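Since the structure comes first, as C-alpha cells, the remarks are kept for the end.
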Amino acid sequence: MSGPKLFSDKLISKLLDAKSVSVLTGAGVSAESGVPTFRDPGGIWEKFRPEQLANFDAFISDPDFVWQWYQHRREIMRNVQPNDGHYALAEMESLFPDFNLITQNIDNLHRRAGSKNIYELHGNIERNYCISCRKYYNDVSPEEKQALKCSCGGLVRPDVVWFGEMLPYETLMKAEQCAMNSDVFLSIGTSAEVYPAATLPLIAKESGAYVAEINIRQTVITEDLDEFITGKSGVILKRLTEIIKSELKVQ
Ligand code: OAD
C-alpha cells in the first residue's frame, strides 16, 4: 500500500490486537458530506445563537420558529450523502470482535452508511416526540411548516438534546462503559468542547486504552491523548480501514 504515512505503526498494531474498539464522532465527520459544523469558521454557532434555537424555553415561546429551523436542518441532512468516513466506520464494525460507534451527530448519516451498533448521545433529527405523552412521530414531511400537534394535544419536538438538557441516561452509561472497556479509542472530528461527550476519550485513556484523535486541527484534549492524526476524517478513515483489512487479509 503506497502513499504518505498518516498514522503510527503503534496505532495499527494496537488495532490489530484490539478486542474492543470504540469511536466518538462529532460534526467534523459529516463536514465532507456538506453538513456544517458548529464551531469552525462559518459554523452554525457563528450564525445563530444556541439559546434562540436549541433550547426548550425557545421552543415553548415560539414553537413554529424552532420547528422551522429543524425542518431546514432536516432538509440539508436528507439531501447529503454519507462520505468515505461514515462508510469506513460502518466497515470497521465487521473487522473487530467488539466495535462501538458513539456519536454526537444527529444527522443520521452513520445509520445511512450502514453502522448498526450506534450510541446517539445527542439524539436523532429524524425522530420527534410529543412533550406530553412521548408518542413518537418520525419521518415527518418537509412540508410541515408549523410545529406538529400530537393526537393528545401536546406539542411535538425534535428528539435532539438541547442546551441545559440531560443526555439520554442509558445511552450515556453504555457509552461510558464502552470507553472504559475499549483497547483502542478514536476521537474523530469533534472539538471535544461539549460535555459529557468530551470526557469519553479521557475516560478511555484513564482506563488504559490507546487513544488517538483524528481532526484537521488540534483540540483542547489533544495533549492528553496518545496520538494526533491530522487530516480529513474521510481520507484518514478510508486509509486506516484499507490497512487493517490488508493486514487481516480481508477483501
Ligand atoms: P464542533 O463544530 O464543535 O467541532 C467540529 C470539529 O471537527 C472541529 O474540531 C474541527 O476541527 C473538526 N473538523 C472539521 N472538518 C473536519 C474533517 N473534514 N475531518 C476531521 N475533522 C474535521 O462539533 P462537535 O464537536 O460535534 O451539540 O460539537 C459537539 C456538540 O456541540 C454538537 O453535538 C452540538 C453542538 O452544540 C448539541 O447540539 C447538543
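Read-outs: derived from the displayed coordinates by stated rules, not from any lab. Quantities reported herein were computed from a predicted structural model and do not represent experimental measurements. Neighbour counts run over all protein chains shown; Cβ positions are idealised from the backbone, glycine included.
What is the log10 of I(q)/I(0) for the stretch 85-188, computed with the Debye formula using one identical point scatterer on each Cα and no solvent, at q = 0.13 Å⁻¹?
-0.57
What is the distance, in nm, between label points placed 7 Å from the Cα along the Cα-to-Cβ direction at SER151 and at SER207?
Between SER151 and SER207, the simple spin-label model gives 4.1 nm.
Give, to the nearest whole percent, the P(r) tail of the stretch 43-92 beyond 18 angstrom, counting all Cα pairs. Please report the intermediate quantities before stating the final value.
Values: 593 of 1225 pairs.
Within the stretch 43-92, distances greater than 18 Å cover 48 percent of Cα pairs.
Specify whether the C-alpha gyration tensor of the stretch 71-126 places it in the rounded, prolate or oblate class, a ≥ b ≥ c being the square roots of the eigenvalues: rounded for a/c under 1.5, otherwise prolate if a/b is larger than b/c and oblate if not. Spell out each step's value before the answer.
Values: a/c = 3.37, a/b = 1.69, b/c = 1.99.
Oblate, because a/c is 1.5 or more while a/b does not exceed b/c.
I'd like the antiparallel share, as a percent to the nearest 5, of DSSP beta bridges with both residues in the chain.
Roughly 20 percent of the DSSP beta bridges within the chain come out antiparallel.
Show which lysines lie in cross-link reach of LYS249 when reach means a straight Cα distance below 24 angstrom and same-chain residues fewer than eight apart are skipped.
LYS5, LYS10, LYS14, LYS19, LYS116, LYS238
What ranking do GLU126, GLU165, GLU75 get, fewest neighbouring Cβ atoms within 10 angstrom at the top?
Details: GLU126 18, GLU165 13, GLU75 10.
Ranked by crowding around the Cβ, least crowded first: GLU75, GLU165, GLU126.
For the stretch 1-113, what is the convex hull (Cα atoms) projected area averaged across all directions, in square nanometres? Kindly include the intermediate steps, with their values, before the conclusion.
On the way: hull surface 37.3 nm².
Its Cα hull, projected and averaged over all orientations, spans 9.3 nm².
About the Cα centre of the chain, how large is the charge dipole given +1 on each Lys and Arg Cβ and -1 on each Asp and Glu Cβ? Please answer in debye to the nearest 20. Don't skip to the end; give the middle numbers.
Details: 27 positive and 34 negative charges, 105 e Å.
Using only the charged Cβ atoms, the result is roughly 500 debye.
Treat the count of other C-beta atoms within 10 Å as a stand-in for reagent exposure and order SER191, SER8 from fewest to most.
SER8, SER191
Would you mind checking the stretch 15-50 for residues with the amide N under 20 Å from a putative spin-label position 7 Å along Cα→C-beta of GLU227?
Counting backbone N atoms under 20 Å from the label point, the list is 15-26, 29.
Alpha carbons only, please: Rg and Dmax for the stretch 110-154, in angstrom.
Rg and Dmax of the stretch 110-154, Cα atoms, are 13.0, 36 Å.
Considering the convex hull of the alpha carbon atoms of the chain, report its projected area averaged over all viewing directions, in nm², one decimal. Kindly include the intermediate steps, with their values, before the conclusion.
On the way: hull surface 54.6 nm².
Directional mean of the projected Cα hull area for the chain stands at 13.7 nm².
Quick one: if you stick a label point 7 Å off each Cα along the C-beta vector at VAL194 and VAL220, how many nm between them?
Between VAL194 and VAL220, the simple spin-label model gives 1.3 nm.
Mind putting together the pair-distance distribution for the stretch 107-251? All Cα pairs, 5 Å bins, whole percent per bin, short to long.
Here the calculated profile for the stretch 107-251 is 2, 8, 13, 17, 18, 14, 10, 8, 6, 3, 1, 0.
What does the C-alpha gyration tensor say about the overall shape of the stretch 164-207? Classify as rounded when a/c is under 1.5, otherwise prolate if a/b is larger than b/c, or oblate. Show your work: numbers first, answer last.
Numbers: a/c = 2.23, a/b = 1.25, b/c = 1.79.
Here the stretch 164-207 falls in the oblate category.
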